[in-house]
Amino acid sequence: MTEQMLIGVDLGGTTTKLAFMNHYGEISHKWEIPTDNTNEGKNITTNIAKAIDEKIKELHLTKNQFVGIGMGAPGPVNLQTGVVYNTVNLGWKDHYPLKDLLEMETSLPAVIDNDANCAALGEMWKGAGDGAKDLVCVTLGTGVGGGVITNGDIVQGISGAAGEIGHITAIPEGGTPCNCGKTGCLETIASATGIVRLAVEKLKQGVESASELASIYSELGHVSAKDVFDTAREGDPISTAVIKEVASYLGLALANIANTLNPEKIVLGGGVSKAGDILLTPVKQKFQTYAFPRVAQSTEIELATLGNDAGVIGAAWLIKHKGSNSTLNS
Ligand code: ZN
């Protein structure tokens with residue numbers, strides 16, 4: 001019997017990542033297609049099905065060599081029904097039956113979860129988790145995503161919205177508006193967008209001492225989160241102040257999460273986490289200050305190791321472990 005393979009799909013607002021892998025989570029083929037948000041997002045599942053069919057043909061494989069498809073989608077998902085809520089950026093109406101449509105288009109069983117949850121599962125299975133079954137993953141990207149794993153399984157919550165770590169209220173009064181409709185969410189501070197906003201606020205207040213970040217800003221009219229981290233490494237006073245503020249709020253939020261769950265690891269992923277120690281060190285310091293002593297001693301904060309592959313690997317874990325829920329199998 002030939003080895004059965006898994007398909008992992010990470011559906012993003014602009015690109016969709018796809019990968020074929022074996023039962024050990026070892027990727028044999030990975031590629032990307034653009035996400036087509038037009039026509040109320042109705043082309044998305046068709047395009048994914050076509051991409052999979054073309055790749056299977058190209059590799060001289062057959063569909064019955066695949067267990068099914070696991071997919072991470074941006075937005076809260078009902079894991080049982082595969083219905084996705086509130087995904088305005090993909091053009092879908094509320095309560096979009098993603099699993100049913102994907103199964104019909106591909107004739108393969110499918111399991112859907114939130115994209116940040118898939119990234120957390122990926123890190124648990126093949127990344128920084130390294131055998132940890134109690135793990136919290138925080139994705140610091142354009143926004144801030146979160147996935148909470150206890151005893152090897154994602155915590156879904158009563159409506160699929162558990163682990164929305166980006167929307168923990170960091171500033172109760174007078175915070176910046178967030179995409180979710182609230183104000184003062186962690187995402188408005190600890191995302192790449194939030195870091196840039198804080199930096200620009202400080203730059204507009206005027207600069208008293210020499211600042212490379214201020215030079216970049218006056219030259220280009222904008223700065224990136226990477227500029228903030230790069231100049232902070234050279235001791236830039238404004239960038240250093242921005243990172244101190246970000247680390248303070250992030251360290252506090254992580255300490256409160258850890259006080260509730262006492263996970264073995266908190267894994268920080270996403271583009272912002274690539275800053276490395278310049279961010280990780282002050283976050284760990286604040287975490288130590290705010291966490292319950294026994295939690296501070298036992299919960300580790302680490303950087304994610306899978307990069308962009310976390311989502312497809314975690315999605316494949318889903319079909320491997322949750323595939324029997326599929327309606328195609330019943
Ligand atoms: Zn929010």
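Some points to look at:
- Positions within the range 184-218 being within 15 Å of the ligand (Cβ to nearest atom) and assigned to a loop (DSSP other than H, G, I, E, B), in sequence order: 184, 186, 191
- Every pair of residues 6+ apart whose Cβ atoms lie under 6 Å, when the first sits in the range 246-260 and is without any contact (Cβ under 8 Å) to a residue 60 or more places away in the chain while the second is among the hydroxyl-bearing types (Ser, Thr, Tyr): 255/290
- Scanning the range 181-207 for residues that are without any contact (Cβ under 8 Å) to a residue 12 or more places away in the chain and either within 16 Å of residue 239 (Cβ to Cβ) or outside the structural domain of residue 218 (by TED's automatic domain parsing) (or both) yields 201, 204, 205, 206.
- Some residue of the range 246-264 being at positive phi, in a helix (DSSP H, G or I) and touching a strand residue (DSSP E or B) at 6+ places or on another chain (Cβ under 9 Å): no
- Test: residue in the range 286-306 that is buried (at least 18 other Cβ atoms within 10 Å of the Cβ) and within 23 Å of residue 235 (Cβ to Cβ): yes
- Condition broken by residue 24, with the remaining ones in (1) in contact (Cβ under 8 Å) with a residue 24 or more places away in the chain; (2) assigned to a loop (DSSP other than H, G, I, E, B) satisfied: (1)
- Selection count, the range 94-122, where residues are touching a helix residue (DSSP H, G or I) at 6+ places or on another chain (Cβ under 6 Å), part of a strand (DSSP E or B) and over 26 Å from residue 306 (Cα atoms): 0
- Scan of the range 55-81 for residues that are within 13 Å of residue 20 (Cα to Cα) and aliphatic (A, V, I, L, M), ordered by number: 56, 59, 61, 67, 69, 71
- Residues being more than 23 Å from residue 79 (Cβ to Cβ), in a loop (DSSP other than H, G, I, E, B) and more than 8 Å from the ligand (Cβ to nearest atom) - total across the range 158-183: 7
- Being on the phi < 0 side of the Ramachandran plot, surrounded by 18 or more Cβ atoms within 10 Å (Cβ to Cβ) and among the charged types (D, E, K, R) is a property that residue 57 lacks.
- Failed item in (1) outside any helix (DSSP H, G or I); (2) assigned by TED's automatic domain parsing to the domain that holds residue 41; (3) buried (at least 23 other Cβ atoms within 10 Å of the Cβ), with residue 67 passing the rest: (3)
- Check on residue 116, away from the ligand (no atom under 15 Å from the Cβ), of a type in the set (A, V, I, L, M, F, W, C) and not assigned by TED's automatic domain parsing to the domain that holds residue 274: no
- Among the residues of this structure, residue 320 does not count as one that is surrounded by 16 or more Cβ atoms within 10 Å (Cβ to Cβ) and over 30 Å from residue 31 (Cβ atoms).
- Number of the condition not met by residue 110 [criteria: (1) small (Gly, Ala, Ser); (2) modelled with pLDDT under 95; (3) surrounded by 24 or more Cβ atoms within 10 Å (Cβ to Cβ)]: (2)
- Long-range neighbours under 9 Å by Cβ, at least six apart or interchain, first residue of a type in the set (Gly, Ala, Ser) within the range 166-180, second near the ligand (Cβ under 6 Å from one of its atoms): 166/178; 166/180; 166/185; 166/187; 170/185; 170/187; 175/182; 175/185
The values are calculated or read from the model by the stated rules, or taken from the named source; none is laboratory data. Just so it is clear, the model here is predicted, and its values are computed rather than measured. Cβ coordinates were reconstructed from backbone atoms using ideal geometry, including for glycine residues, and neighbour counts include every protein chain displayed.
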